[in-house]
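Note sheet for the following structure.
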Amino acid sequence: MKLMASKIALGLCAAFIAQGALAQQDTLKIGALVTLSGPGAAWGQAMKNAAELAADKVNAEGGLEVGGKRYKVVVIPYDDKYQANEAVTVANRMIHEDKIKYVIGPLGSAPALAVQPLTEKNGVITMTMGFTPRALSPEKPYSFRAVVTTAEFSQPQIDWVVKKEGIKKVGGLFPNDESGQAIAKDLQSSYSKAGADLTSEFFERERVDFVPLLTRLFARGIDAIELDGNSPATAGLIVKQARELGFKGKIIRTGGPATADIVNVAGKQAANGMLVHSVLDPNLPSTKAYMDAYQQKYKAPMNGFSPSFYDATNMMFEAMKRAGTVEDTKKVRDELAKLENFPGSLGVLNWTGKESYGSNQQLDLPFYVAEIKDGQEVILARCNTKGCQ
Amino acid sequence: MDYGILIAQATINGLIVGLLYLLMAIGFTLVFGVMRMVNFAHGEFYMLGAMAVYVFTVHMELPFLVAVCLSFVVAIVFGSLVEWVVFKPFRHDELNGMIATIGLAMILQNLALIIFGPDPLSVPPVAQGVTQISGVYIPNSRIFVVFFAVLVLALLYFYLKKTRSGRALRAVVEDFKIASIQGISSKVYYPLGFGVGVGLAAIAGALMAPLFSVSPFVGAAPLLKAFMVVILGGLGSIPGAAVAGLALGLIESYASLFLSASTADMLIFLVVMIMLVLMPRGILGKGEV
């Protein structure tokens with residue numbers, strides 16, 4: 001019995017070694033260092049699935065051809081639980097044991113900042129979703145970001161909305177905490193640059209009756225309400241109560257996909273005419289194709305952040321091809337940063353960020369201003385970091 | 001907008017919210033009066049009332065009024081049953097009884113979480129549009145809610161003052177020992193008192209469901225407000241709860257008109273603390289605990 005067990009163990013070891021040897025020959029491992037449990041798991045899944053779909057695509061074509069070799073791409077998921085310490089633990093395993101050099105993630109700002117010392121030191125290319133401005137800098141050449149953050153989209157979007165709607169005075173309602181205060185400050189400067197005035201009211205997150213706050217804002221003669229930074233449910237309540245009080249002006253949400261929940265809480269009628277930030281145009285053929293492929297493989301509705309990571313993974317593949325190596329990440333990194341007018345599922349993509357971060361490691365994605373009509377988003381303007389049309 | 005209209009608007013807002021506090025607080029004080037213990041599960045019955053209305057109107061497509069009445073009946077029956085099953089052993093053991101209410105609150109909240117999930121649900125509005133009276137805007141849905149809150153209070157007044165069972169319940173609230181000497185049975189009036197008390201919380205939740213959203217966590221804020229109202233008004237005093245409920249609604253509304261919302265929230269707690277120092281028995285309380 002004992003002998004048999006040790007034989008089996010030996011066999012297993014041999015199998016692993018063989019597999020390992022095989023893996024080094026012709027597989028390319030992509031790490032998906034994202035949040036796969038707890039709150040935020042919906043985004044993490046969307047990022048991991050995006051990498052898997054990109055891998056499926058090149059594998060279906062017989063593998064990724066780099067420097068005369070064909071590689072089978074495999075995506076290995078790592079769960080950081082949206083925690084910095086957990087992210088460092090799994091990043092260590094990913095880099096030192098699994099020898100992974102290309103990573104989709106980390107998802108959150110805190111995990112992103114926590115793993116960067118490791119990934120930068122080991123020349124591991126990361127593609128984060130963390131909104132913090134500190135995630136990108138010339139000192140972090142291997143860190144890229146594949147979503148546009150408030151810093152990128154708020155100014156063009158607000159410029160467009162203020163001009164189109166002729167808005168002068170905006171009343172903002174924000175939760176009274178770190179993120180609410182920060183958003184209010186950013187938006188205030190964006191609105192004043194656009195030529196409008198934002199007055200903010202702060203409230204405790206558990207508040208449900210907004211009638212007194214709205215009365216106070218209406219008394220100042222506001223002609224629009226800004227709801228960025230509020231949870232979807234709270235935003236829905238504010239929309240409902242503002243309309244009940246007879247507010248006729250525009251209600252704007254600069255950022256944070258939440259349309260379905262807002263319509264759910266406020267009702268279709270109250271949500272009508274609301275101007276919201278939207279990350280994708282489902283009518284664009286390439287986006288539609290990705291959404292269909294996603295639906296077909298995962299049988300679940302796609303999160304809006306998924307397509308940009310699909311594009312980012314494809315951009316990494318393209319950079320490897322151009323560099324002619326998967327081992328020398330310095331070369332791959334340089335080729336990746338050089339990519340221009342890349343045809344992605346979201347449109348034609350470039351890098352930006354020189355002005356804000358000191359180097360071009362921010363993906364310049366299109367985004368949209370949409371109006372809610374009968375519970376659905378209808379796109380009014382197409383934007384990029386330079387402006388809206 | 002000039003100040004006259006603003007203050008009128010704030011007064012109306014305050015009275016509407018005050019009526020909600022009033023309904024919550026009267027139920028709370030009834031339970032306290034009968035059982036001599038603080039019911040920490042009171043907010044969860046508010047949540048249950050709101051959830052019941054959601055189920056009755058959205059899933060079963062009953063008219064709103066029928067839904068409110070049904071949720072009241074359900075809450076009275078369920079509340080009486082809970083008193084009879086859970087709180088009976090604690091009838092003369094108030095401290096452990098209070099801890100049992102905390103447990104009950106957790107169980108109810110988590111059951112709702114399992115059944116309905118954490119996302120907020122929406123109940124369709126009961127009335128559309130807004131009524132404007134000389135510059136003051138009142139949403140029609142709130143007029144509707146106020147009308148029914150007043151109706152419920154009138155019925156409650158009639159029940160407590162004029163009917164035999166209501167008078168018996170009041171006697172139990174005033175002094176249980178003397179009431180029982182007069183032949184009032186604890187077997188009936190303990191569960192009934194608890195049932196009517198939490199029924200009022202459920203009706204408050206049911207009426208507010210179309211104004212706010214419904215989720216398993218909506219009970220916490222009304223519980224806190226009911227607690228404050230009851231402390232301000234005097235524990236166990238129904239007229240005290242009435243005065244304090246409306247007063248708290250008005251103070252909140254005026255405060256958030258002139259101060260920022262966070263300062264207003266702080267101010268309200270300050271008012272409660274000052275009241276406790278100056279009038280520890282509450283506005284109309286007799287100070288017996």
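Just to be sure before I move on: is residue A:159 farther than 30 Å from residue A:102 by Cβ, more than 14 Å from every other protein chain (Cβ to nearest Cβ) and out of contact with any Gly (no Cβ under 9 Å at 6 or more places or on another chain) in the structure I sent? Walk me through how you get there before you give the answer.
Values: farther than 30 Å from residue A:102 by Cβ: yes; more than 14 Å from every other protein chain (Cβ to nearest Cβ): yes; out of contact with any Gly (no Cβ under 9 Å at 6 or more places or on another chain): no.
Answer is no for this residue.
Which condition does residue A:229 not pass, out of (1) in contact with a strand residue (DSSP E or B) (Cβ under 9 Å, 6 or more places away or on another chain); (2) within 14 Å of chain B (Cβ to nearest Cβ); (3) in a loop (DSSP other than H, G, I, E, B), if it passes all the others?
(2)
Can you name the condition, by its number, that residue A:81 falls short on among (1) surrounded by fewer than 17 Cβ atoms within 10 Å (Cβ to Cβ); (2) at pLDDT below 90; (3) farther than 15 Å from residue A:309 by Cβ?
Result: residue A:81 fails condition (1) only.
Would you be able to tell me the number of residues in region A:162-217 that are of a type in the set (Phe, Trp, Tyr), within 14 Å of chain B (Cβ to nearest Cβ) and free of Cβ contacts under 8 Å to residues at least 40 places away in the same chain? Outline the logic, then answer.
So in region A:162-217, the residues of a type in the set (Phe, Trp, Tyr) come out as A:174, A:191, A:202-203, A:210.
After this cut, where a residue has to be within 14 Å of chain B (Cβ to nearest Cβ) as well, the list is A:174, A:202-203, A:210.
This time we only want the ones that are free of Cβ contacts under 8 Å to residues at least 40 places away in the same chain, so: A:202-203, A:210.
Residues that pass the stated criteria total 3.
Looking for whichever is of a type in the set (Gly, Ala, Ser), in contact with a helix residue (DSSP H, G or I) (Cβ under 9 Å, 6 or more places away or on another chain) and facing chain A (nearest Cβ under 10 Å) here; the options are B:213, B:262. Which one fits? Let's see the steps before the verdict.
Values: B:262 fails: in contact with a helix residue (DSSP H, G or I) (Cβ under 9 Å, 6 or more places away or on another chain).
Just a single option satisfies the conditions, and that option is B:213.
Checking the conditions here, which among B:62, B:121 is touching a strand residue (DSSP E or B) at 6+ places or on another chain (Cβ under 6 Å) and surrounded by 13 or more Cβ atoms within 10 Å (Cβ to Cβ)? Walk me through it before giving the result.
Details: B:62 fails: touching a strand residue (DSSP E or B) at 6+ places or on another chain (Cβ under 6 Å).
When all the criteria are applied, what remains is B:121.
Of B:226, B:179, which residue is more than 14 Å from every other protein chain (Cβ to nearest Cβ), without any contact (Cβ under 8 Å) to a residue 12 or more places away in the chain and buried (at least 17 other Cβ atoms within 10 Å of the Cβ)?
Working: B:226 fails: without any contact (Cβ under 8 Å) to a residue 12 or more places away in the chain.
The match here is B:179.
For region B:1-112, please list each of the helices (runs of 4 or more DSSP H) lying entirely inside it that holds at least 1 residues being more than 16 Å from residue B:193 (Cα to Cα) and within 14 Å of chain A (Cβ to nearest Cβ).
B:3-35, B:42-54
Does residue A:144 satisfy the condition of being assigned to a helix (DSSP H, G or I), on the phi < 0 side of the Ramachandran plot and either more than 14 Å from chain B (Cβ to nearest Cβ) or modelled with pLDDT of 85 or more (or both)?
On the way: assigned to a helix (DSSP H, G or I): no; on the phi < 0 side of the Ramachandran plot: yes; either more than 14 Å from chain B (Cβ to nearest Cβ) or modelled with pLDDT of 85 or more (or both): yes.
For residue A:144, the condition - assigned to a helix (DSSP H, G or I), on the phi < 0 side of the Ramachandran plot and either more than 14 Å from chain B (Cβ to nearest Cβ) or modelled with pLDDT of 85 or more (or both) - is not met.
What number goes with the only condition from (1) touching a helix residue (DSSP H, G or I) at 6+ places or on another chain (Cβ under 6 Å); (2) outside any loop (DSSP other than H, G, I, E, B); (3) surrounded by fewer than 20 Cβ atoms within 10 Å (Cβ to Cβ); (4) touching a residue at least 40 places away in the same chain (Cβ under 8 Å) that residue A:335 does not pass?
(4)
For region B:231-247, does any single residue satisfy the condition of being assigned to a helix (DSSP H, G or I), free of Cβ contacts under 8 Å to residues at least 60 places away in the same chain, away from every other protein chain (no Cβ under 11 Å) and surrounded by fewer than 18 Cβ atoms within 10 Å (Cβ to Cβ)?
yes
Which condition number does residue B:119 fail, the rest of (1) within 25 Å of residue B:44 (Cα to Cα); (2) at pLDDT below 90; (3) not in a loop (DSSP other than H, G, I, E, B) being met?
Residue B:119 satisfies all of (1) within 25 Å of residue B:44 (Cα to Cα); (2) at pLDDT below 90; (3) not in a loop (DSSP other than H, G, I, E, B) except (3).
Looking at region A:190-203, is at least one residue part of a helix (DSSP H, G or I) and under 30 Å from residue A:315 (Cβ atoms)? Working first, answer last.
Residues of region A:190-203 part of a helix (DSSP H, G or I): A:190-194.
Pick out the ones that are also under 30 Å from residue A:315 (Cβ atoms) and you get A:190.
Within region A:190-203 (the criterion being part of a helix (DSSP H, G or I) and under 30 Å from residue A:315 (Cβ atoms)), the answer is yes, since at least one residue qualifies.
Go through A:209, A:197 for me and flag whichever is at pLDDT 90 or above, under 27 Å from residue A:245 (Cα atoms) and not aliphatic (A, V, I, L, M). Outline the logic, then answer.
On the way: A:209 fails: at pLDDT 90 or above.
The unique qualifying residue is A:197.
Would you tally the residues in region A:72-107 being in a strand (DSSP E or B) and acidic (Asp, Glu)? First the steps, then the outcome.
Filtering region A:72-107 down to residues in a strand (DSSP E or B) leaves A:72-79, A:102-105.
From what's left, acidic (Asp, Glu): A:79.
Within region A:72-107, residues that are in a strand (DSSP E or B) and acidic (Asp, Glu) number 1.
Can you say whether residue A:268 is surrounded by fewer than 22 Cβ atoms within 10 Å (Cβ to Cβ), among the basic types (Lys, Arg) and touching a residue at least 60 places away in the same chain (Cβ under 8 Å), as far as the supplied structure shows? Can you show your working first?
Working: surrounded by fewer than 22 Cβ atoms within 10 Å (Cβ to Cβ): yes; among the basic types (Lys, Arg): yes; touching a residue at least 60 places away in the same chain (Cβ under 8 Å): yes.
When the stated conditions are applied, residue A:268 passes them.
The values are calculated or read from the model by the stated rules, or taken from the named source; none is laboratory data. A quick note: this is a predicted structure, and the numbers were derived from the prediction, not measured. Using ideal geometry, Cβ is built from the backbone for each residue, glycine included, and neighbour counts are taken over all protein chains shown.
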